[in-house]
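First comes the structure, then the notes that go with it.
The values are calculated or read from the model by the stated rules, or taken from the named source; none is laboratory data. Keep in mind it's a predicted model, so treat the numbers as computed, not measured. With ideal geometry, Cβ positions are generated from the backbone for all residues, glycine too; neighbour counts draw on all protein chains shown.
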Amino acid sequence: MSLRKHSASLVVLVSAPSGAGKTSLVRELMQRDGSLKMGISHTTRPLRGKERDGHDYYFVSREEFVAMRERGEFLESAQVFGYFYGTSRPMIEALTSDGSDIILEIDTQGAAQLRASGFADTSVFILPPALDSLANRLTGRASDAKSVIDGRLAEARREMSQYKDYDYVLVNEDFEAAVCALGDVIRAERYRTKKMEIKRHALLRSLTEGAEI
């Protein structure tokens, strides 16, 4: 995509099965790394618990979502458990216009679309330490019916089988260790040659100009 071809910004996709602790990990990392920005998805599902519009998701009606999609406003969109989710192109353009690094919490369908388009710089899949711990986390939410939880567990197995499609795999067994590992991935990706050639172009040119190869 032309939006990303010569961008100094880093776009990191983070996926995980429901209940693996993805959101908690990302939120904690953002508290520690003030240079990171969150790419907030649009969704047609209702608010859950203490969620806030514009903070956790942009909550829109099904009609509004479909209209946005038809206008080509989404970089990717997918239907998950009967609800639509999508990443807004104008939002990402605004976030990356100044070279800021962003994280996108995204389902496996959306991540596959963005990887195929060459949009993402890197991708991370978060795994739970065991299936039992995943079931316990989902049950502990107390906001979903048993049938919904059973459906999410079945979907989780399908999603976890796709971990090989991602650049990095982290196991959220120890929260502190997982936060640090996710931070390590992002810090390393910031120093990839292709990014440094954009960010420090003048320096690299001054240091290498006239060199005989």
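A few remarks follow.
- Search result, residues across the stretch 177-194 that are out of contact with any Lys or Arg (no Cβ under 8 Å at 6 or more places or on another chain), in a helix (DSSP H, G or I) and in contact (Cβ under 8 Å) with a residue 60 or more places away in the chain: 178, 182, 185, 186, 190
- Condition check for residue 69: at pLDDT below 90, more than 20 Å from residue 165 (Cα to Cα) and either assigned to a helix (DSSP H, G or I) or under 17 Å from the mean Cα position of the chain (by Cα) (or both): no
- Flag if residue 144 is under 29 Å from residue 46 (Cβ atoms), at pLDDT below 95 and of a type in the set (Asp, Glu): yes
- Yes/no for residue 114 being in a helix (DSSP H, G or I) and under 14 Å from the mean Cα position of the chain (by Cα): yes
- Residues that are modelled with pLDDT of 80 or more and either touching a Phe, Trp or Tyr at 6+ places or on another chain (Cβ under 7 Å) or farther than 23 Å from residue 189 by Cβ (or both) within the stretch 123-141 comprise 123, 124, 125, 127, 128, 129, 130, 131, 132, listed in sequence order.
- Odd one out for residue 56, checked against (1) free of Cβ contacts under 8 Å to residues at least 60 places away in the same chain; (2) more than 19 Å from residue 126 (Cβ to Cβ): (2)
- Restricted to the stretch 103-119, and to residues there that are surrounded by fewer than 19 Cβ atoms within 10 Å (Cβ to Cβ) and of a type in the set (A, V, I, L, M), the residue that is farthest from residue 47 (Cα to Cα) is 116.
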